[in-house]
Amino acid sequence: MAEKINIHCAIPNLKTVKINRYDGCFENNGCYKALVQGGIVILSIKEAFETYSSLLEQNAIALQESINNGEDGVFIYIKDGIKVSSPLQMVNVISGREAQSSFSRNIVIMGKGSSARLICCDDTVNANPFQTQSRISVYMSSESELEYYKMENINNASSISTDTEFRMEDNAHLTTFWLSLNGGNIQNKLNVFFEGNHSEASLNGLYLVDREQKVDNSVSVYHNFPYCTSHQLYKGILDDSAMANFLGHIYVKEYAKETIAMQSNNNILLTDKAQVNTKPFLEIYNDDVKCSHGATIGQLDENALYYMRQRGITPRSARMLLMYAFCYDVLSKSSITELNQALQDMIKRRLNGELSSCEECVFSKCQGINNQD
Amino acid sequence: MALLEIKNLYASIKGKEILKGVNLTINKGEVHAIMGPNGNGKSTLASVIAGNEAFTVEKGEILLNGKDLLSMPVEARAAEGVFIGFQYPVEIPGVSISNFIRTAVNEQRKYRGLDPIGAKEFIDRMNYAKQVVELTSSLVNRSVNEGFSGGEKKKMEIFQMAMLRPTLSILDETDSGLDIDALRIVASGVNQLQNKETSTVLITHYQRLLDYIVPDFVHVLYEGKIVKTGDKNLAKELEEKGYEWLRK
């Protein structure tokens with residue numbers, strides 16, 4: 001690619017450190033060097049393989065194969081004790097001009113006691129079909145905290161497949177937030193491994209799909225150590241002939257005592273043709289646990305619609321209010337106020353059928369890393 | 001002038017006939033009470049006036065200010081001024097009361113060709129409506145009716161009535177499940193909102209509510225028809241004698 005790119009994200013007042021990708025490719029354009037002083041390392045995985053080999057080894061990360069296969073990707077390392085105040089935003093702008101598909105391998109290492117927020121966006125900027133596959137491995141050292149946001153908003157001719165794993169040491173805190181709005185075929189695989197005591201993971205997802213869209217969420221939480229807590233909350237609204245699958249796997253190992261693992265998947269089907277398959281799958285090899293799972297598939301509450309209409313609210317607005325309310329508890333898990341505001345707006349527009357992609361996400365030339373719009 | 005005219009109304013649900021020829025005229029400024037044993041059509045009458053699609057109108061007419069209500073959907077009837085105080089208000093988790101009521105006010109205004117309500121006017125009206133039923137501020141920040149006690153739900157209905165300023169309010173067993181203090185507050189709210197231009201219909205089983213809200217007329221709805229109409233003393237008579245003596 002001839003030009004280096006820098007992403008302009010249209011979310012008002014959202015100041016982020018942007019990590020730019022174009023059709024899945026990451027090119028270290030030198031914008032990120034200044035961040036090193038602040039304890040944030042951003043490199044391509046190839047560079048990381050060369051310069052951070054001992055750190056990779058320490059975390060048992062094997063990259064040789066990926067490098068050999070010519071896979072591209074981003075390496076993010078937040079050093080011990082570093083609290084990153086601005087969220088990091090990795091934006092993959094998909095044009096389908098450079099290629100029709102991409103596979104990327106990405107690594108995030110959170111040092112001891114570090115904290116960060118990472119927003120990953122995939123956005124198509126035209127109607128070209130594209131296949132995006134990405135694998136992200138996140139290593140969370142003890143006492144680290146991460147909020148991870150994944151925004152999937154690509155055209156319906158395109159597909160996206162994510163394979164994300166989190167490995168968590170002692171006292172680590174993780175919140176994930178998966179938003180699937182547009183995209184023909186969306187497949188998300190999420191694995192969380194507790195590899196230390198007293199850690200917590202809150203895994204949240206929202207999928208709003210219509211027409212012929214298909215979205216799969218496969219979530220597995222491995223409670224391999226005691227005293228850990230996990231919450232899964234996935235919600236979806238399906239219109240037209242859309243289809244969703246949810247597989248929620250909770251594994252509690254024999255000695256993982258005082259485990260708390262909760263799971264909930266709620267769906268609203270707006271038509272007879274929309275389809276949801278939801279499957280809780282709990283494997284528990286310990287008595288000292290608190291586990292729950294619940295799955296619902298339903299329609300909008302007719303009594304509530306009638307009640308609202310009796311107050312003069314049109315059926316269209318009443319349905320909007322109810323759908324938005326349904327999404328609200330997932331949305332409330334996000335701690336980035338500016339992002340929330342934009343998300344609320346995006347979700348309202350999506351429910352109204354007005355949002356086809358994140359159309360204001362455009363790219364421009366690199367203007368240095370401190371350019372935060 | 002007649003606000004509401006119901007003429008020879010027949011209505012059924014799932015093939016079962018409930019209303020069998022109701023005639024009722026309500027003038028502006030009047031308070032009417034409709035009494036009668038359970039299962040004789042009181043709540044059905046409220047639902048049919050509101051436009052609940054679960055009921056089928058077989059025959060008859062309902063006019064509000066001379067306009068044919070039966071040809072309008074639920075939300076249009078509401079915007080024309082019909083308000084139902086529900087016996088069992090619905091909980092709507094995730095929808096805040098202020099958002100809900102603002103949407104309702106504005107959609108009714110839109111129906112009438114008015115611009116959305118101004119921010120200050122809305123706040124003033126909220127404050128007034130809260131004071132009408134002695135609501136605490138914290139309650140209106142919550143989701144609609146979610147986790148409310150029986151009394152709070154009924155106060156919330158009257159709060160909405162104060163916000164929406166309907167011309168015809170039909171309060172369906174607003175007194176059920178209320179303790180004596182809540183009953184006094186709800187009744188006082190209704191009295192404050194009643195004026196020369198509005199009419200209130202109280203559907204109730206008990207004389208007790210009518211001690212607080214004094215009706216101009218009391219009707220007995222029995223086996224799908226209004227079989228007797230009187231003044232407030234009829235309610236006292238019913239309290240003493242029950243409904244048996246009205247059987248022919």
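A few points about this structure:
- Contact order relative to length of chain B, as percent, for alpha carbon pairs under 8 angstrom and 6 or more apart: 28 percent
- For segment A:161-312: rounded, prolate or oblate by the Cα gyration tensor [a/c cutoff 1.5]: prolate
- Under the span-like rule (Cα at least 15 Å along the axis, Kyte-Doolittle mean at least -0.5), DSSP H helices of chain A: A:315-331
- Principal-axis tilt of helix B:232-241 within chain B, Cα atoms, nearest 10 degrees: 60 degrees
- Ordering A:183, A:82, A:231 by Cα displacement along the dipole of chain A toward the positive end leaves A:183 in first place; charges were set at the Cβ atoms of Lys, Arg (+1) and Asp, Glu (-1).
- Centre-to-centre, using Cα atoms only, segment A:34-61 and segment B:148-169 are separated by 62 Å.
- Taking every DSSP bridge with both residues inside segment A:20-298, close to 5 percent are antiparallel.
- Across A:18/A:83; A:112/A:279; B:20/B:196, pairs whose alpha-carbon gap is larger than 24 Å: A:112/A:279; B:20/B:196
- Anisotropy class assigned to chain A is oblate, per the alpha carbon gyration tensor with a/c at or over the 1.5 cut-off and a/b no larger than b/c.
- Farthest positive-ward along segment A:20-298 dipole, Cα basis, beta-carbon charges - from A:54, A:267, A:220: A:267
- DSSP bridge pairs, the protein assembly as shown: antiparallel proportion in percent, nearest 5: 20 percent
- Under a model in which nothing but the beta-carbon of Lys, Arg (+1) and Asp, Glu (-1) is charged, chain A shows a dipole of about 760 debye around its Cα centre.
- Cβ-based charge dipole, the protein assembly as shown, positive-most Cα from A:315, A:119, A:95: A:315
- Crossing angle, helix B:119-132 versus chain B [Cα axis fit, 0-90 degrees, rounded to tens]: 50 degrees
- Anisotropy class of segment A:81-220 from Cα gyration tensor, a/c 1.5 cut: prolate
- About its Cα centre, segment A:1-147 has a charge dipole of approximately 380 debye under the convention of +1 per Lys or Arg Cβ and -1 per Asp or Glu Cβ, with nothing else charged.
Read the figures in this text as sums done on the coordinates, not as results from a lab. Computed from a prediction, not measured in an experiment: that's the story for all the values here. For neighbour counting, all protein chains shown are included, and Cβ atoms are generated from backbone atoms with ideal geometry for every residue, glycine included.
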